[in-house]
Amino acid sequence: MAMSQAETTYAVTDMYENPALYDGVRTRRVLAFFIDYSLILLLCIPAAIVVFVLGLLTLGLGFFLYGALFFLVAIPYIGLSLGGRGQATPGMRMTGIRLERLDGGRIDFLFALVHSVLFWAANAILTPLILLATLFLDRKQTVHDRLLGTVVVRTDIS
């Protein structure tokens, strides 16, 4: 007997009710953030060298890319890792967490970018105090997690 769409959505959401999935997730997210952005900054070094060479080859026009260098590195980093098979950035994998959609769908490149842009926009507009929402929202979600219907869970819990 096939399940209806509403029953399928409820069944998928219901499996995220285990409190053990969220034990220590806040701390792990913070650690993952620092690991990931350290890696992005390290990746900016070779990218800066490429931009320098490009700037020389274009008689100075390529040097304008320095203003967007961080984003030119961060976008593929986040999109390919968070939107990849593991649904986690390298920092998230190191700390044992992953991002999942509550409807059971996969995180793709575009969805990962939207998730990241909403994170930065919420922090820029509403200040980093918006992250205190994890103390009050279900499943220790951030505001952008709630808006997108995602949750960060531990990978070592079945």
Using only helices, what value at 222 nm comes out for the chain when you add -39,500 (n - 2.57) per DSSP H run of length 4 or more and divide by the total residues, to the nearest 500 deg cm²/dmol? -18000 deg cm²/dmol
Within the set of other residues whose C-beta is less than 15 Å from the C-beta of Phe34, count the net charge using Lys and Arg as +1 and Asp and Glu as -1. +3
Output the 0 to 90 degree angle, nearest 10, between the alpha-carbon long axis of helix 109-126 and the longest principal axis computed from the alpha carbons of the chain. 80
Could you give the angle, 0 to 90 degrees to the nearest 10, between helix 69-82's Cα long axis and the longest principal axis of the Cα atoms of the chain? 30
Share (percent) of C-alpha pair distances in the chain greater than 25 Å works out to 38
Heads up, segment 73-158 by the C-alpha gyration tensor (a ≥ b ≥ c square roots of eigenvalues; a/c under 1.5 rounded, else a/b over b/c prolate, else oblate) looks oblate
Expressed as an acute angle from 0 to 90° and rounded to the nearest 10, what is the orientation of the C-alpha long axis of helix 25-57 relative to the principal long axis of the chain? 30
Loop trypsin sites (Lys or Arg not before Pro), segment 55-137 (other Cβ atoms within 10 Å of the site Cβ: 14 or fewer; DSSP): Arg85, Arg106
By how many nm would the segment from Leu56 to Ile125 grow when fully extended, if each residue of separation counts as 0.36 nm and the alpha-carbon distance is taken off? 21.1 nm
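None of the figures in this text is laboratory data; all of them are computed from the coordinates on show. As the structure is a computational prediction, the values presented were derived from the model and not from experiment. Positions of Cβ are backbone-derived with ideal geometry, glycine not excepted, and every protein chain shown enters the neighbour counts.
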